[in-house]
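The values are calculated or read from the model by the stated rules, or taken from the named source; none is laboratory data. It should be emphasised that the depicted structure is a prediction, and the values quoted were computed from it without experimental measurement. So basically every Cβ, Gly included, is an ideal-geometry build from the backbone, and we count neighbours across all protein chains shown.
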Amino acid sequence: MDSIRQDRSAVPTEVELKLLVAPEHLDAIRDLGWVRDLCHGRPVRRRLVSTYFDTIDGTLLGRGVALRVRRQGRKRVQTIKADQRDSAGLFRRLEWDCAVAGDRPDLEAARAAGLGDLLEGVEAANGETTRTAGTADLAAGGLHPVCATDIHRTEMRLAGEDWAVTMALDRGTVSADGREEAVSEIELEVTRGTPGAVYALAERLAEAAPMRLGRVSKAERALALARGAPPRQPVKADVPSLSRDTPVGAAFQAIGRACLAQMAANEPVLLESQDPEAVHQMRVSVRRLRSAMTTFADVVRGPGLDDAKAELRWLMSLLGPARDIDVFLADILDPVIARVPDDQGLARLRALFTERRAAHYRDMLAGVGDARFTRLLLRLGTWIEAGDWLADPARADARAAPLVGFARATLDRRRRKVWKAGRRFDHLAPEARHDLRILIKKLRYTAEFFAVLFRGKAARPLLKDLARLQDQLGALNDVAVAGALLHGTLAEHRAGATGAEEAERAWGAGLVTGWHRRDAVDALDEAGRTWARLRKRRLFWTSGGRR
């Protein structure tokens, strides 16, 4: 768009999905029969050379802003992308373009378009400067080139009855400070229709060639080269922005996107570092999504929901055993070893469970690294954005209803279930405490989803107690199942063990079990105090704050 817009509300929103694919598959995808059938017009081939600019201290990147000047033949186009958000690889961001005369940004044009707040404190590019970040004599707010991309793109315009998507097949390089990385990816951008069209198209492409979702833009990859990106960290849950008037159906979509975003964000961390926290956070994302499915069951039920639950069960079958072993080692076995470091029986148990953990991690990494995981994310995205639940006329009114009433009724229903299950808390059997913990977890997730609709600060005490009690009951459950886990593992490894080895392992198992059973009494008392405090908390979603 060459014209300059006068306010940010008029800046268009880009909705784009990125797929990482091996270079040898790009031509095959371009030549797929069904892709050519959907293609309108001839594919367009062009070379795109882009230079990205920032200040010495990374002001723009810190604000989530990418500023580039792209060379397309004789043309020069300045682009600013901002407010980036994503859901399982789906980028949603403001994008503003204008023609410029040379190879450097024109900040006055951007400010005239209403983007001055994004560029506050940033000065125009410094003359002919081509130095990279870290140059001492650049003004603090002065723009300078920090990285570049050189891409050969084949662009195809695909369309169906109610959708249109621009598919770009990109291969080339990103570079900075003399370093270079190859690029081979597919970008799918919605030009007509809903994000569901992008997911559905990506699903079909993923059946034709192995690929993974990409969550990092070319600019971010190049900037990472320039600045030395730190290792990726596990990603915690993000609560979507909702309002009281948000339709119930749209609220489920927002929550579902947030869960998918967390799931997808932890995939590269898990595969690259095998960080146990990434396993935990990916499992949290699954649990939150399943909780949302239950919360909104009356709105989203149908064959698509059943299929989505089946896919999540497969993923949990990989994450669950790996996470359980991590918890056993970190919270059950290692605290005892720290107190009795020279015990041979404990050392043999540690070696045994470390071997078992390695086997579970191999299975989990193979599954998450497989094409099935990518297809799972895409299918879930398609179902959330354009699933069968959205087409049921019988539930149209329920989908369109304001969220606040639905939220109050749901929170109160879940609260009553927790209160009922926790009666005679001090006398609950381990199985009943486990059931109570599941109900508390569902209430906590639902309260986190909806707290923004009410007075946010008022929700904090209740949420804090719910989280604390969930953890306390979880620790008690870990102790309860540790004995069965120890017994089963020792039985599996009895064959081939010498009598001395078996005796040492049995001694270690008894030491671990006894140690934690001794502490369980105090832990249960502490959980009881949290429960009593929770019961007295004001309910933030009710007008009178009744308990």
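Within region 425-449, the set of residues being touching a helix residue (DSSP H, G or I) at 6+ places or on another chain (Cβ under 9 Å), under 20 Å from R533 (Cβ atoms) and loosely packed, with under 14 Cβ neighbours inside 10 Å comprises just one member, D426. Within region 359-374, being not aliphatic (A, V, I, L, M) and not in a loop (DSSP other than H, G, I, E, B) holds for H360, Y361, R362, D363, G367, R372, F373, T374. Specify which of the listed residues (A226, A197, A222, A237) is assigned to a loop (DSSP other than H, G, I, E, B) and touching a residue at least 60 places away in the same chain (Cβ under 8 Å). Testing whether each residue is assigned to a loop (DSSP other than H, G, I, E, B) and touching a residue at least 60 places away in the same chain (Cβ under 8 Å) leaves just A237. Elements of the type strands (runs of 3 or more DSSP E) sitting completely within region 89-162 and holding at least 3 residues that are at pLDDT below 85, under 27 Å from G178 (Cα atoms) and not aromatic (F, W, Y): these cover 123-125.
Which of the residues spanning region 223-244 are of a type in the set (A, V, I, L, M), out of contact with any Leu (no Cβ under 9 Å at 6 or more places or on another chain) and at pLDDT below 90? Answer for region 223-244, where residues must be of a type in the set (A, V, I, L, M), out of contact with any Leu (no Cβ under 9 Å at 6 or more places or on another chain) and at pLDDT below 90: A224, L225, A226, V239.
Residues in region 163-200 that are of a type in the set (V, I, T), more than 30 Å from H144 (Cβ to Cβ) and at pLDDT 95 or above: V165, T166, I186.
For region 142-163, the set of residues classified as surrounded by 19 or more Cβ atoms within 10 Å (Cβ to Cβ), in contact with a Leu (Cβ under 9 Å, 6 or more places away or on another chain) and over 17 Å from E16 (Cβ atoms) consists of L143, H144, V146, C147, listed by residue number. Checking T530 against (1) part of a helix (DSSP H, G or I); (2) at pLDDT below 80: exactly one of these is not met. Which one? Only one criterion in (1) part of a helix (DSSP H, G or I); (2) at pLDDT below 80 is unmet by T530, namely (2).
Is one or more of the residues making up region 45-66 in contact (Cβ under 8 Å) with a residue 12 or more places away in the chain, in a strand (DSSP E or B), over 17 Å from A148 (Cβ atoms) and not basic (K, R)? Can you show your working first?
Taking region 45-66 as the starting set, the residues that turn out to be in contact (Cβ under 8 Å) with a residue 12 or more places away in the chain are 45-61, 63-66.
Narrowing further to those that are in a strand (DSSP E or B): 45-54, 66.
Those left that are additionally over 17 Å from A148 (Cβ atoms): 45.
Okay, now just the ones that are also not basic (K, R), so none.
Among the residues of region 45-66, not one is in contact (Cβ under 8 Å) with a residue 12 or more places away in the chain, in a strand (DSSP E or B), over 17 Å from A148 (Cβ atoms) and not basic (K, R), which makes the answer no.
Hey, does region 13-29 have a residue that's assigned to a loop (DSSP other than H, G, I, E, B), modelled with pLDDT of 80 or more, within 17 Å of H144 (Cβ to Cβ) and not charged (D, E, K, R)? No, there is no match, as no residue in region 13-29 is assigned to a loop (DSSP other than H, G, I, E, B), modelled with pLDDT of 80 or more, within 17 Å of H144 (Cβ to Cβ) and not charged (D, E, K, R).
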